Amino acid sequence: MDLDRFREESEKNSKINKGYLTRLKRFNSRKVDDAFHEIHEKVFEEIDCLDCANCCKTTSPIFYENDIDRAAKALRVKPGDFVEKYLRIDEDKDYVLKSSPCPFLDVDNYCGIYESRPKACREYPHTHRKKMVQIMDLTYKNTLVCPAVLAMVERLRKSGLGK
Ligand code: SF4
Ligand code: SF4
């Protein structure tokens, strides 16, 4: 995955993608879900996250209490020690990673706590969830992080969904 090229592309088209996703907020919710879910499957047949890991390299998941307990258990440390070592509280008062890339990402782009990773990591990039129209702002932000989301949004835009 050429992440420099992805960054260039995503920034070049950011305005048009933002406008498009803003318009989709008012479009038929069921149709938007169906289109996203179908394109999600297609794009992830073509893109291998192990060639990318840009989400793990550049952003942090939110860690809720369950996530902290599970990850701490996997690492055989106390939840309090896990928090102290790896997490900080962000402007929304959520626990997030102190540093990026994620300290659990290894050199081959594997997650060192894969079975115990936070829910937010398991659900990323959120393009197969229901009521996609409610997360168009997040989806726009993810066009700047995730090559798969960029590909989905551009294909849907070019397909005429929302017209
Ligand atoms: S979810 Fe997106 S950003 Fe994360 S590794 Fe897969 S393609 Fe890359
Ligand atoms: S916990 Fe694993 S999946 Fe989540 S950001 Fe870190 S390396 Fe990526």
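The values are calculated or read from the model by the stated rules, or taken from the named source; none is laboratory data. It should be emphasised that the depicted structure is a prediction, and the values quoted were computed from it without experimental measurement. For neighbour counting, all protein chains shown are included, and Cβ atoms are generated from backbone atoms with ideal geometry for every residue, glycine included.
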Exercise for review: For Leu87, state whether it is touching a strand residue (DSSP E or B) at 6+ places or on another chain (Cβ under 9 Å) and either within 16 Å of ligand 1 (Cβ to nearest atom) or in the same structural domain as Leu105 (by TED's automatic domain parsing) (or both).
Suggested key: yes
Point to revise | Tally of residues being of a type in the set (Asp, Glu) and touching a Gly at 6+ places or on another chain (Cβ under 8 Å) across region 101-128 | key: 1
Practice item. Go through the residues of region 139-153 one by one and say whether even a single one is touching a Phe, Trp or Tyr at 6+ places or on another chain (Cβ under 7 Å), touching a residue at least 40 places away in the same chain (Cβ under 8 Å), away from ligand 1 (no atom under 16 Å from the Cβ) and not polar (S, T, N, Q). Key: no
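When you go through Glu84, Glu91 one by one, which is the residue that is without any contact (Cβ under 8 Å) to a residue 12 or more places away in the chain, among the acidic types (Asp, Glu) and in a loop (DSSP other than H, G, I, E, B)?
That would be Glu91, the only listed residue that is without any contact (Cβ under 8 Å) to a residue 12 or more places away in the chain, among the acidic types (Asp, Glu) and in a loop (DSSP other than H, G, I, E, B).
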Study note, to complete from the structure: Residues in region 102-140 that are more than 16 Å from ligand 2 (Cβ to nearest atom), surrounded by fewer than 18 Cβ atoms within 10 Å (Cβ to Cβ) and closer than 22 Å to Glu45 by Cα total 3
Exercise for review: Could you give me the residue pairs with C-beta distances under 7 Å whose first residue belongs to region 114-126 and is closer than 27 Å to Val32 by Cα and at pLDDT 95 or above, whose second residue is more than 8 Å from ligand 2 (Cβ to nearest atom) and of a type in the set (Gly, Ala, Ser) wherever it lies, and which are 6+ apart or on separate chains?
Suggested key: Pro125/Ala148
Review point. Going through region 5-51 one residue at a time, which ones are of a type in the set (Asp, Glu) and under 18 Å from the mean Cα position of the chain (by Cα)?
Key: Glu9, Glu11, Asp33, Glu38, Glu41, Glu45, Glu46, Asp48, Asp51
Review point. Has region 78-86 got at least one residue that is among the hydrophobic types (A, V, I, L, M, F, W, C) and either surrounded by fewer than 14 Cβ atoms within 10 Å (Cβ to Cβ) or over 15 Å from the mean Cα position of the chain (by Cα) (or both)?
Key: yes
